[in-house]
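Here's the structure, in structure tokens; my notes come after.
No lab work stands behind these numbers, since they all come straight from the coordinates. Predicted model, so just to flag it, every value in this text is computed and none were measured. Backbone-built Cβ (ideal geometry, glycine too); neighbour counts: all protein chains shown.
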Amino acid sequence: MKSETEQLLGTLEVILENPSCIFIWETEEQGEFNVWNLAIAEGFVSLTDVDVAIAHWQAVERWGTPTDQTNYEYAPPRNERDDLWNAEIEAFRAERYQQLAQLLKSELQNLQALRLSIPKQSDNSFEWSHPNFCFYILIGKTDDGDWLCLSPTVPAQISSLRSKQLNSEATEAIATKREKTLDLQSKIQRILSELPPITLYGYYYGGYNYTYEYKIMYVTATKKALAVELALQAAGMLTVKKTNVEYVSDEYNIQKLNDFFNVRLSDCTIYTLSFWDIAYTYEIGQAPTSDWLGMRCVSEFDYNP
């Protein structure tokens, strides 16, 4: 660790008096800091098969909930709801998903399917049992050299952390305008236009009545890490907020903490990654050494029906 980074880390440890929540990213050892590298380092990402990812997208629609409720019921099953789901709709959407899979396999290079979930907790760190939530994204490179990433929308049930999805106009404005990439986007859009959003239930019992619109989002970008970050923002799973840190409290060290972020660090940013009822928040800034320091906290939704 660089000596200046080590000094800053020591200062932060004294201010917080809780080393367990300190976050540090050593750029020289861990590479460029971005959401993609962060997710890998935190154990959120595992490689899987494209057909497995597509099948899970379809399964979530069939369940009507973020997980299958096999061992944990939190919302009424489909046969108890007043919605329009039936076998004919399921078959129609399954056919469109297969068309999408064939298109991506034929027109994307280096196509990868990735499973995103929280690491298994061996220390019982959560206060109560959570369903095993996960979701899948696909990413590959177009013939123009752009990266295209697809993700389903992701529920964010912790009320204070619910994010606003990027609208399609905003995400597409970031995309490159090269011919083959645009042609592929048009083909994807034609298929997705026949897969309209459907309403899924999160924690519904106990008066929570949480629902969200489930659909597949896609973005393109010139770099893989940027494509993933934009796709997760479009899906509502990720929020990125540039900020001047200003904690308000009567605690003795709060002003010292504010000064640490705003004086000693630059480019202060809050990243929140939501896994439905669990959220990871990173409040960090960049040191003069190019390393990143700050705080990491985990929030969980307290389901109390």
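Between Asp267 and Ala91, the FRET efficiency estimated from the beta carbon spacing at R0 = 41 angstrom works out to 0.25. Region 61-109 and region 1-57 have Cα centres lying 33 Å from one another. Dividing the mean sequence gap of close Cα pairs (under 8 Å, 6+ apart) by how many residues the chain holds gives a relative contact order of 23 percent. Within the same chain, lysines fewer than 8 places from Lys256 are excluded, and of the rest, those with a Cα less than 27 Å from its Cα are Lys2, Lys241, Lys242. Across region 261-277, computed HN-Hα scalar couplings (Karplus, 6.51 cos²θ - 1.76 cosθ + 1.60, θ = phi - 60°) run 5, 7, 9, 8, 10, 10, 6, 5, 9, 10, 10, 10, 10, 9, 10, 6, 10 Hz from first to last residue, x flagging Gly and Pro. Under a straight-distance cross-link criterion of Cα-Cα below 16 Å, which lysines are reachable from Lys215, leaving out those fewer than 8 residues away in the same chain? Excluding near neighbours in sequence, the set is Lys164.
Taking a straight line from the alpha carbon of Lys180, these aspartates and glutamates sit under 18 Å away, with near neighbours fewer than eight places off in the same chain left out: Glu107, Asp143, Asp144, Asp146, Glu172. The fraction of all Cα pairs in region 1-66 landing in successive 5 Å bins from 0 to the largest distance is 3, 12, 14, 14, 16, 10, 7, 8, 8, 7, 1, given as whole percents. Distance distribution note for region 178-305: the fraction of Cα pairs above 21 angstrom is 60%. By the beta-carbon count within 10 Å of each Cβ, the least crowded to most crowded order of Val154, Val60, fewest first, is Val60, Val154.
Annotation: the residues Tyr205, Tyr214, sorted from fewest to most other C-beta atoms within 10 Å of their own C-beta, follow the order Tyr205, Tyr214. P(r) for region 255-305, from all Cα pairs and a bin width of 5 Å, is 5, 19, 23, 18, 12, 11, 6, 4, 2, 0 %, short bins first. Annotation: the chain has a Kirkwood hydrodynamic radius of 21.0 angstrom, from the mean reciprocal C-alpha pair distance. Roughly how tilted is helix 224-234, in degrees to the nearest 10 and between 0 and 90, from the longest Cα axis of the chain? The angle comes out at about 80 degrees. Using the Cβ atoms and a cut-off under 11 Å, what net charge is assigned to the surroundings of Ile118, where Lys and Arg are +1 and Asp and Glu are -1? After counting each charged neighbour, the total is -2.
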